[in-house]
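Quick notes on the structure that follows.
The values are calculated or read from the model by the stated rules, or taken from the named source; none is laboratory data. Predicted model only: the values in this text are computed from it and were never measured. A quick note on method: Cβ atoms are made from the backbone with ideal geometry, for glycine too, and the neighbour counts reach across all protein chains shown. Each accessible area value is taken on the protein alone, full model and side chains, heavy atoms only, with ligands, DNA and RNA left out. Shrake-Rupley method; radii C 1.70, N 1.55, O 1.52, S 1.80 Å.
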Amino acid sequence: MSTTVNTTVANLETPLKFAYWVPNVSGGLVVSTIEQRTSWDFDYNKKLARIAENSGFEYALTQTRYAASYGADKQHEATSFSLALLGATERLNIISAVHPGMWHPGVLAKFIITAGHISGGRAAVNVVSGWLKDEFINFGLEWLEHDERYVRTEEFINVLRGLWTEQNYSQSGKYYNIKDFTLNPAPVDVPGRPHPEIFFGGNSTAAQAAAGRTADWYFSNGKDLEGFKDNIAGVRAAAATVNRTPKFGLNGFVIARGTEAEARDTLREIVEKAHRPAVEGFAAAVKEAGQSTRDGKGMWADSTFEDLIQYNDGFKTGLIGTPEQIAERIVEFKKIGVNLMLTAYLHFQEEVEAFGRDVLPIVRELEADLARANGTELNTALLPATNFEGAAL
């Protein structure tokens with residue numbers, strides 16, 4: 001299979017980045033009773049983070065969850081967990097997922113500045129508008145209708161960026177009013193970026209528009225090739241109106257095995273052992289969220305029961321097979337604009353290490369071939385450090 005290259009020379013020259021979901025929530029990353037040698041506790045995650053940064057991963061995304069729900073009965077708070085992981089690592093960038101409406105953007109901006117000074121500028125945020133209504137209602141917080149949540153999110157991100165880049169910053173809006181405020185110290189100066197990185201999640205039309213206008217990175221739920229192209233079209237269109245060029249991340253659940261049949265058997269077992277009441281409860285909540293959009297488009301709006309067993313549609317991306325097949329699939333996504341793969345696994349410590357050893361070297365070879373085929377070269381100086389021979393060219 002080959003996909004027409006639809007990316008810039010700069011993207012062809014820039015190696016793909018890799019991230020993993022931090023399992024700071026119990027139950028693993030699939031809602032299934034299949035064995036998952038993954039733990040939500042800090043000691044497990046500290047070791048995992050060190051494995052990941054030595055295996056060629058550059059980012060980790062810490063989940064935000066407050067209420068026990070849908071197979072996850074325990075959860076650690078995202079920003080404090082991220083700060084602890086930053087202290088336990090040397091190179092890994094840790095992205096904290098946060099909800100506008102639960103954070104004031106000025107407080108978060110200050111927290112990320114401090115986390116950045118502690119870690120050498122490795123703290124980032126993933127702003128998610130929120131879909132779990134009970135968390136807001138039971139905390140006594142205002143629950144906004146779908147598209148209005150993105151109005152608030154856009155203001156929230158503008159406050160973050162303004163406070164990180166300007167002195168005496170002011171902003172007058174519907175949800176946030178900032179008056180002549182300066183945060184000192186300023187964020188750590190990291191070459192190549194104007195402020196700590198802002199990631200943004202959401203698949204709806206409103207989400208795409210807000211992401212295009214404000215985010216540095218747009219995270220997509222799992223998608224096949226055509227689905228990904230369709231999902232980012234709205235982001236690119238909105239970004240063009242304000243002369244911005246966001247980068248794109250894509251979620252994918254990785255099942256790498258010695259043969260494709262073994263990988264497919266593992267997927268089949270995950271599905272057969274799905275925790276049906278938990279998946280159906282999750283499905284009811286997220287379908288309501290997607291259907292509440294003005295045009296009926298949103299995250300999970302077209303997800304099946306099987307898709308929702310991995311609660312960010314990770315099976316749809318198709319990273320299932322041998323290391324060679326998975327590497328080829330990843331590079332097909334690079335051809336259409338993916339800059340970062342956000343990955344999840346059944347057994348995180350073992351499989352993140354195996355991904356760095358078995359899959360990444362093939363990805364780098366294919367990226368180099370793709371760049372040469374289009375008249376340029378992969379910039380190997382941008383490759384992250386790794387302990388595995390061959391993972392960096």
- Accessible area per residue, 1.4 Å probe, Å², for region 331-393: what's the number? 37
- With +1 on each Lys and Arg Cβ and -1 on each Asp and Glu Cβ, how big is the dipole of region 1-113 about its Cα centre, in debye rounded to the nearest 20? 100
- Message: For residue 230, what accessible surface area do you get with a 1.4 Å probe? Give it in Å², rounded to 10.
- Response: 100
- Going 7 Å from the Cα of residue 168 toward and past its Cβ, which residues in region 176-213 have a backbone nitrogen under 16 Å from where you end up? 178-184
- Could you do me a favour and compute the accessible area per residue for region 38-125, 1.4 Å probe, result in Å²? 34
- Task: Let me see the pair-distance distribution of the chain: every alpha carbon pair, 20 Å bin width, integer percents in order.
- Result: 28, 62, 9, 0
- Separation between Cα centres of region 102-172 and region 73-91, rounded to whole Å: 18
- Message: What does the C-alpha gyration tensor say about the overall shape of region 83-203? Classify as rounded when a/c is under 1.5, otherwise prolate if a/b is larger than b/c, or oblate.
- Response: oblate
- Message: With +1 assigned to the C-beta of every Lys and Arg and -1 to the C-beta of every Asp and Glu, and no other charges, what is the dipole magnitude of region 180-277 about the Cα centre in debye, to the nearest 20?
- Response: 180
- Largest-first ranking of 170, 303 by accessible area, probe 1.4 Å, whole protein assembly kept, is 170, 303
- Message: Straight-line reach from residue 335: which lysines fall under 28 Å, measuring Cα to Cα and dropping same-chain residues less than 8 apart?
- Response: 17, 223, 229, 247, 297, 316
- Note on the structure: When every protein chain stays in place and a 1.4 Å probe is rolled, 169, 175 sorted by accessible area with the largest first are 175, 169
- Task: Kindly identify region 318-393 as rounded, prolate or oblate by the Cα gyration tensor criterion: order the square roots of the eigenvalues as a ≥ b ≥ c, call it rounded if a/c is under 1.5, otherwise compare a/b with b/c, prolate if a/b is larger, else oblate.
- Result: oblate
- Per the helix-only model, the chain has a calculated mean residue ellipticity at 222 nm (DSSP H runs of ≥4, -39500 (n - 2.57) each, divided over all residues, rounded to the nearest 500) of -13000 deg cm²/dmol
- Here region 54-104 gives, from Cα atoms, an Rg and Dmax in Å of 12.6, 36
- Cut-off 17 Å, label 7 Å out along Cα→Cβ of residue 376, residues of region 1-26 by amide N: 4-17
- Message: To the nearest 20 Debye, how big is the dipole of the chain about its Cα centre, given +1 on the beta carbon of each Lys and Arg and -1 on that of each Asp and Glu?
- Response: 800
- Which of 150, 130, 67, positive extreme of dipole for region 13-166 (C-beta unit charges): 67
- Message: Computing the accessible area with a 1.4 Å probe over protein heavy atoms, can you report the carbon and sulfur percentage for the chain?
- Response: 50
- Task: Take 111, 219 and sort them by solvent-accessible surface of the protein heavy atoms, 1.4 Å probe, largest at the top.
- Result: 111, 219
- Task: Be a star and scan region 3-41 for residues whose amide nitrogen sits under 13 Å from the point 7 Å along the Cα-to-Cβ vector of residue 273.
- Result: 28-38
- Cα to Cα, under 25 Å, and not fewer than 8 places away if on the same chain: which lysines meet these conditions relative to residue 74? 46, 47, 133, 273, 287
- Message: When a/c reaches 1.5 or more, the comparison of a/b and b/c decides; with that in mind, is region 130-191 rounded, prolate or oblate per its Cα gyration tensor?
- Response: prolate
- Item | Whole-angstrom gap from region 219-255 to region 329-393, using each part's C-alpha centre | 19
- Task: Would you check the accessible area of residue 17, probe 1.4 Å, heavy atoms only, in square angstrom rounded to 10?
- Result: 50
- Query: Working from the pairwise distances between different alpha carbons, so that the mean of 1/r is found and then inverted, what is region 21-123's Kirkwood radius in Å?
  - Reply: 14.2
- Message: Before I look further, what does region 130-195 give for accessible area per residue, probe 1.4 Å, in whole square angstrom?
- Response: 55
